[in-house]
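To start, the structure itself, in structure tokens.
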Amino acid sequence: MEKGVYNFNEIEKKWQDYWETRRTFKAWEPASIDPASTWDDSKPKYYVLDMFPYPSGQGLHVGHPESYTATDIVARYKRMKGFNVLHPFGWDAFGLPAEQYAVQTGTHPATTTQKNIDNMRRQIKSLGFSYDWDRQVDTTDPNYYKWTQWIFLKFYNSYFDETEQKAKPIEQLPIPDGLSDDEERKFIDDHRLAYESEAPVNWCPALGTVLANEEVIGGLSERGGHPVIRKAMRQWMLRITKYCERLLDGLDECDWPSSIKKLQRDWIGKSIGAEVDFKVNGYDEVIRVFTTRPDTLFGATYMVLSPEHRLVDTITTDEHKDAVKEYIEKAAMKSDLDRTDLAKDKTGQFTGAWAINPVNGENIPIWISDYVLISYGTGAIMAVPAHDERDWEFATKFELPIIEVVKPPAPFEGCFTGDGTAVNSGQFSGLTTAEFKVKIAEWLESQNLGKAAVNYKLRDWLFSRQRYWGEPFPIVHLEDGETVALSQDDLPLVLPEVADYKPTGTGEPPLAKAADWLNVTLPDGRNGKRETNTMPQWAGSCWYFLRYMDPDNPDAAFTEAKEKYWMPVDLYIGGAEHAVLHLLYARFWHKLLHDLGYVSVPEPFKNLVNQGMILGQDNQKMSKSRGNVVNPDKIIVDYGADSMRLYEMFMGPLEATKPWNTQGVEGVHRFLNKAWRMIVDEDSGQLHSAVQKAQADEATTRLLHQTIKKVGSDIESIAFNTAISQMMIFVNHLGRQNVRPKDAIEKFVLILAPFAPHIAEELWRRLGHTDTLTYEPWPQYDPELIKEKEVELAVQVLGKIKDKIVVAADASEDQIKEKALASQPVQTAMSGKQPKKIIVIKSRLVNIVV
RNA sequence: GCCGGAGUGGCGGAAUUGGCAGACGCGCGGGAUUCAAAAUCCCGUCCUGGCAACAGGGUGUGGGUUCAAGUCCCACCUCCGGCACCA
């Protein structure tokens, strides 16, 4: 009795061991690259990638297997379709939780990380995914981060050539004549794509540390509730802003969901306008502003500088000094959130200084306010209260003049921000907004007062963290103030042991405590200290998909031939939470590597799919506190990995957010059981006696071929839920037959295999095959056999169904009309009237209009 | 506030992109099998009325286009996600 039942636990263990010991899923480069390979170049390659996870102490949750199953189905399907498939896995293993645990317990983050990786790998293996584990990468492995550091040096040792719009080695940077050594060094440093800068960070004086944005809630530290201020600190930055245009353009060749592309475009935030210089009355200074509405220049009735603007100090008159100083201090105390969130009520201070509007010579007051951001544009604006809602609000509150310069096309109350016709604008009056923008840019340029300009919201990437558990920067700060980079031969620069993992009280990172490591003497005898910041978690994930191609290479990040062969990633699946940052950063790194000739394709990810979130049974986000978290381990023990995989795919479209329902797992489990019993005799464990070498009847043949077709095309379009439902229909049909042709059974097992590989392998074996089905060719369908001989048509009278008729599939329109009109219910519905028009949709319906 | 996405049975969801709404699964009801239960199998299951054949209604709401609308157009409502003074 026992030996014939579907014992999923035993079967799954057996086949996982089989795959592992035989390296079934090992990905080989073709023989032209790796002579040991049996692949040749005639086979197409397919690179299917998961967003690698952070190895959390919580282990897997049911959201992980969702995308991993999806990519696994595609990987297994593509293998059967004859593709050479690269399907790797790895760990984004630097990160805060392990470091916080280290602060609390003293356990080295590497220990915690390794333990978590081991646990999660065990969980992932228990789902039977077809990863090539020989290619596993771990961002915290010095053999990996050696190359992360190497890429950082590429940024450091490159500059951006504006005319060619690409990065080049820093040695090629044209240096102006007549610079002193120091000036020359500064000139070079100012052009590096990795550079140091004072940048505002979230500094918590009470905790003595810098906090990440998500650790600051309403201006207070998440832990302890202490005030957090913005403080300028020396930081490493990456010059991503040089790539704005390229990052925008590159999106055109990405087959991504348009919503994700839009998110990226909005994040980069390109806007077209003009820069205009306003003279400060009584000073030899100009305030440069950026505006998208240079056509409203005549309506500029005041200016606003951000509190951090460099001219504030210079131009503020004595009588306003105290108030301005106080305002600046208050603004500095506010977090970013406070400055934007409670923005309803505008604040500001008059500096006492005046500027001259270049188009009409008017004297206009200069204010400061924190509604102007130092980090966008020039940190200063011309305020046009008649046509900008923020300026309108400010002007109303501080009783500043409002002058209309754009006449709305239709009567309008309040602040009009749309396009119209210019009024009160001197010689430009009467122009449309669009015409005006062109003319004024020309005029400004001719007067040397400004020019057309483009601005982006995207800012340079703050690339350093005051943390221990991250990649160390391969940088030394010398005693004389010079900063030098290590050479490639000195890599990896390995994280040192430290006494404890807390930051120092002064905000210096924990690495400042590693005295032996910190102090260095260069080969030329100069002394210095190492950089103590570390890289952010994003760093390792910017290029891991490249390392998978050549994970053990000690001499290069990856070899050229392998990169040329595997790239780009054909399918990338992961969570929508990475829609902007990870994908943008990875694209940015890729463009640098492309410019320097290390990668052959300009965009790394050809196709992208975001899986949706899985909610708890209660339709709420899964969380420990709600107690609605589903543990995959438990599901696998109770129902098996195949049922787990199948259920996650059957729940609904991959991209949709959907609630978990354990009873649904039972449903797909029943399906697998049914499929098993269709093939295996439960009493004997032998093939079921109904499984015979026999010709399938017409209905079975048709359904089989329909099923092969639908499952294949559904996999191609990532519609796994409907593929599974089609397989259920097939099993419901064939399971009822007393004769189940072996040929049909075998084809079914093969198409089931990508979804439920363990049971499929076991059935394949019991059907008499001795090898894994991994590389069996995907069954073909015959379009002729799919066609129905007879079709049922609905017959409508005035759009209402009155009857159904059965006609030959190739019946002519006239034959169909005749048969439809002959129907008794149709005759009744027509009640003797003549048909005015008869619409025949072949194989669908007939509609009679009377 | 702005930008996306979505509203279909008791539930998850299908619906050749304008052509029979509710495939498939869950749940529920009934039956078979069983000493009994589990498991399995069969039948039913959008709503309303009817014993029934059948009739009428039905895809968030209201309007429109069309022989025909879940699908297209206009207005609105609700939920979810993202952004949030970017000049």
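The values are calculated or read from the model by the stated rules, or taken from the named source; none is laboratory data. What you see is a predicted model; the values in this text were computed from it and never measured. We place every Cβ from the backbone using ideal geometry, glycine too, and count neighbours over all the protein chains shown. Each accessible area value is taken on the protein alone, full model and side chains, heavy atoms only, with ligands, DNA and RNA left out. Shrake-Rupley method; radii C 1.70, N 1.55, O 1.52, S 1.80 Å.
Things to note:
- Apportionment of accessible area to carbon and sulfur, chain A, percent (1.4 Å): 50 percent
- Taking a ≥ b ≥ c as the square roots of the eigenvalues of the Cα gyration tensor, the stretch A:270-456 is classed as prolate, since a/c reaches at least 1.5 and a/b is larger than b/c.
- Beta bridges per DSSP with both ends in the stretch A:270-456, % antiparallel, nearest 5: 90 percent
- DSSP bridge pairs, chain A: antiparallel proportion in percent, nearest 5: 75 percent
- Relative contact order [Cα under 8 Å, 6+ residues apart], chain A, whole percent: 14 percent
- Antiparallel %, DSSP beta bridges [both residues in the stretch A:695-850], to 5: 75 percent
- Restraint check, A:Lys81/A:Lys709; A:Lys78/A:Lys787; A:Lys261/A:Lys591, Cα-Cα greater than 20 Å: A:Lys78/A:Lys787
- Relative pair counts by distance (%), Cα atoms of the stretch A:485-570, 5 Å bins: 2, 11, 16, 17, 14, 13, 12, 8, 5, 1, 0
- Helix A:109-125 vs. chain A, principal-axis angle (Cα, 0 to 90°, nearest 10): 30 degrees
- With K and R counted +1 and D and E -1, the other residues having a Cβ less than 10 Å from that of A:Ala561 yield a net charge of -3.
- In summary, the lysines within cross-link reach of A:Lys346, defined as a Cα separation below 16 angstrom excluding same-chain residues under 8 places away, comprise A:Lys330, A:Lys334, A:Lys397.
- Computed extension gain for A:Glu577 through A:Lys674, at 0.36 nm per residue and net of the alpha carbon distance, reaches 31.1 nm.
- The overall shape of the stretch A:788-849, judged from the alpha-carbon gyration tensor, is prolate: a/c is not under 1.5, and a/b is greater than b/c.
- Taking 18 Å as the straight-line reach from the Cα of A:Lys800, the lysines in range (excluding those fewer than 8 positions away in the same chain) are A:Lys817, A:Lys819, A:Lys833, A:Lys836, A:Lys837, A:Lys842.
- Local electrostatic count at A:Asp550 - Lys and Arg +1, Asp and Glu -1, tallied over other residues with Cβ under 11 Å: -3
- Gyration tensor (alpha-carbon) shape descriptor, the stretch A:661-785, a/c threshold 1.5: rounded
- If you wrap the Cα atoms of chain A in a convex hull and average its projected area over all directions, you get 49.1 nm².
- Highest average packing first - A:818-825, A:623-630, Cβ atoms within 10 Å: A:818-825, A:623-630
- Charge context of A:Phe463, other residues only, Cβ under 11 angstrom, K/R +1, D/E -1: -1
- Surface per residue (accessible, 1.4 Å probe) for chain A, Å²: 45 Å²
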